[in-house]
Amino acid sequence: MNETLTLQELIDQANQAYQARNYLNAASLFEAVSQTWLVRQEELNAAESLNNASVAYLQAGHPEKALEIVRPTIKTFQDAKDIHRLGLAYGNLAAALEACDKKEEAFSAYQQAADLLLHAGDNENRLQVLQAISALQLKTGKQIQALSTMQSALEDLPKPSLKQKLLLKLLKSPWQFLAK
């Protein structure tokens with residue numbers, strides 16, 4: 001790696017590698033970005049870059065490395081009381097745990113992420129987390145809970161899209177049938 005790159009150039013290269021689906025290169029670059037932030041004593045930005053590296057490792061099919069990278073970021077965001085980034089970190093942790101076939105731990109981390117993102121007011125990312133919970137519930141044979149989770153996620157959206165409204169209507173149909 002060229003040491004004369006500015007931090008912004010390094011960030012740009014990491015993002016470009018990720019967009020190009022060169023995930024291992026992106027992960028390595030995000031780790032380098034994190035180290036640069038640490039040199040500047042910017043721990044929160046360093047942790048955020050590690051979260052990005054974790055996502056890239058997960059996309060590259062290296063869930064154990066993703067898990068190793070994301071774990072320490074939880075404490076960093078907790079200590080800083082950064083609820084939003086803590087919620088995102090828990091979501092990344094959950095995805096890595098799920099990919100490592102640690103379903104119960106993943107479910108717990110997803111729940112933490114959903115709660116934190118609710119408090120942070122991030123409905124878009126919370127919806128993604130609730131969708132992941134619903135998918136995990138389906139994989140573990142909990143179909144009713146999966147439907148309920150997805151319905152709850154869609155009902156919480158302030159401005160659902162037409163597609164989301166239709167899905168919500170479909171999800172409510174079985175409950176209406178059972179209520180009769």
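Selection of helices (runs of 4 or more DSSP H) fully inside the range 68-180 by the criterion of at least 3 residues being out of contact with any His (no Cβ under 7 Å at 6 or more places or on another chain), at pLDDT 70 or above and open to solvent by 30 Å² or more (accessible area, probe 1.4 Å) returns 83-99, 103-120, 123-139.
The rows are residues; the columns are (1) open to solvent by 80 Å² or more (accessible area, probe 1.4 Å); (2) modelled with pLDDT of 95 or more; (3) not hydrophobic (A, V, I, L, M, F, W, C).
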| site | (1), (2), (3) |
| --- | --- |
| ALA14 | no, yes, no |
| GLN19 | yes, yes, yes |
| TYR23 | no, yes, yes |
| LEU29 | no, yes, no |
| VAL33 | no, yes, no |
| ASN45 | no, yes, yes |
| LEU50 | no, yes, no |
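The values are calculated or read from the model by the stated rules, or taken from the named source; none is laboratory data. Source: prediction; values computed, not measured. Reconstructed Cβ throughout: ideal geometry from the backbone, glycine too, with neighbour counts over all protein chains shown. Surface areas here come from the heavy atoms of the whole protein model, side chains and all, with no ligands, DNA or RNA. Shrake-Rupley method; radii C 1.70, N 1.55, O 1.52, S 1.80 Å.
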